[in-house]
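First the structure, in the form of structure tokens, and then the observations on it.
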Amino acid sequence: MDEQKIPQLTLTPDLDEPAAPQVKPETELKQSEPAPEAGPELSNLSEAEQKAVADFAEQIDLSDANIIIQYGAAAQKNIADFSQAALDKVKMSDMGEVGTMLSGLLVELKTLDEPEKKGIGGLFGKAKKSAETLRARYGKAEENVDRIAGELEVHQRKLMKDVAVMDQMYDKNLQYFKELTMYLLAGKQSLEKARNTTLAELRIKAEKSGLPEDAQAANDFENKCQRFEKRLHDLELTRVISLQTAPQIRMIQNNDAAMMEKIQTSIMNTIPLWKNQLVLTLGIENSRRAMQAQRKVTDTTNELLKKNADMLKMATVETARESERGIVDIETLQHTNESLISTLDEVLQIQTEGAQKRAEAERELRRIEGELKQKLLETRKVQ
């Protein structure tokens, strides 16, 4: 590792110092080096880092209570700030919204509010649906799909930036992990040295002098060593948290990448395929309507030809029949002649009957006249 990348250890951390600004996402993704697999081992460090640990261990004075209290506090603060930043990042990444968009896209692709049959199959199966209705439904669905696709593209770009940020967060966490490792190694070296030298000397001195103040000094230094050991244990716990954060970052990153791929598939494959199917459906419907129109024209033409032929036949036959008729039909003359003869016979019979009735009436009139004259003569004789 380069000299400038070695973590800077300090015994007097400024806990009020603001956390390092969050790195900006890069346009290209990069692979980070894996985190160490074992506990704090000096052999895992480079020669420069081992020298930095050894030099820093020489600066640790366990007799100073402030050093024990603040030892590694800067690294712990970095981890705490980093964890909060990672949590905020996860909160801001609303995968639920992307899932809702994908669900909405699926609904638009599967159904166009078909009352009889749902789904694209129902839409394509409506062979008798008018082209105007299909175009209207297609336009509405296409508008919704394009709107959702546009929003998905925005989220896709955001996810690409998030994946890049997660890579850099992983590197930053690895840096904090190594910093804690160096604090622990330096602290353990200093603690071991203090117990083997200073504490041992204080105990020997107390045993030789038998003075209570010497015994108290040895006991006080031993308590400081124990507190420092507990402090190192706290740093060890923080180091484990940092170690666990690395796979968690990768999991979040993989989830973002998987969602990016899902969005990419929907935008690049599913939506164009769906639109192509709708275009084919409209084309088939237009062809079907044109074929129906042509069929109707053909059927109408055939019907007109048949009707015209029938009318021509009827007109021709009637014309020929009329042209072959005389001015007066023989039947009419026969009927007229029969009627005339019958009329003459009836007139003759009436005239004969009339003559007979007149003769009878004349005879009756004579009889009446004779009776009347006779009656008048009889009356005159009596007078």
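The values are calculated or read from the model by the stated rules, or taken from the named source; none is laboratory data. Note that the structure is a prediction, hence the values are computed from the model and not measured. Neighbour counts are summed over all protein chains in view; Cβ atoms, including those assigned to glycine, are modelled from backbone coordinates with ideal geometry. What goes into the accessible areas is simple: the full protein's heavy atoms, side chains included, and nothing from ligands, DNA or RNA. Shrake-Rupley method; radii C 1.70, N 1.55, O 1.52, S 1.80 Å.
Whole-Hz ³J(HN,Hα) for each residue in segment 184-194, computed from phi via Karplus 6.51 cos²θ - 1.76 cosθ + 1.60 with θ = phi - 60°, x for glycine and proline: what do you get?
5, 5, 5, x, 5, 4, 5, 5, 5, 5, 5
Provide the per-residue ³J(HN,Hα) series for segment 204-209, in order, calculated from phi with Karplus coefficients 6.51, -1.76, 1.60 and θ = phi - 60°, each as a whole number of Hz, with x at glycine and proline positions.
5, 5, 5, 5, 6, 7
Which order do you get for Arg239, Arg295 if you rank them by accessible area with a 1.4 Å probe, largest at the top?
The most accessible residue leads, giving Arg295, Arg239.
Rounded to the nearest 0.05, what FRET efficiency do Asn44 and Gln248 have when you use their Cβ-Cβ distance and R0 = 22 Å?
0.50
Hey, what's the Cα Rg ratio for segment 226-383 versus the globular rule of thumb, 2.2 N^0.38 Å?
My calculation over the Cα atoms of segment 226-383 gives 4.20.
Given the whole protein assembly as supplied and a 1.4 Å probe, what does the accessible area of Leu42 come to in Å², nearest 10?
Estimated to the nearest 10 Å², Leu42 gives 60 Å².
In nm, what is the difference between 0.36 nm times the number of residues separating Thr343 and Asp146 and their Cα-Cα distance?
Using 0.36 nm per residue and subtracting the Cα-Cα distance, I get 60.9 nm.
Given N residues in segment 202-257, what is Rg(Cα) / (2.2 N^0.38 Å)?
Relative to the rule-of-thumb radius for its length, segment 202-257 sits at 2.18.
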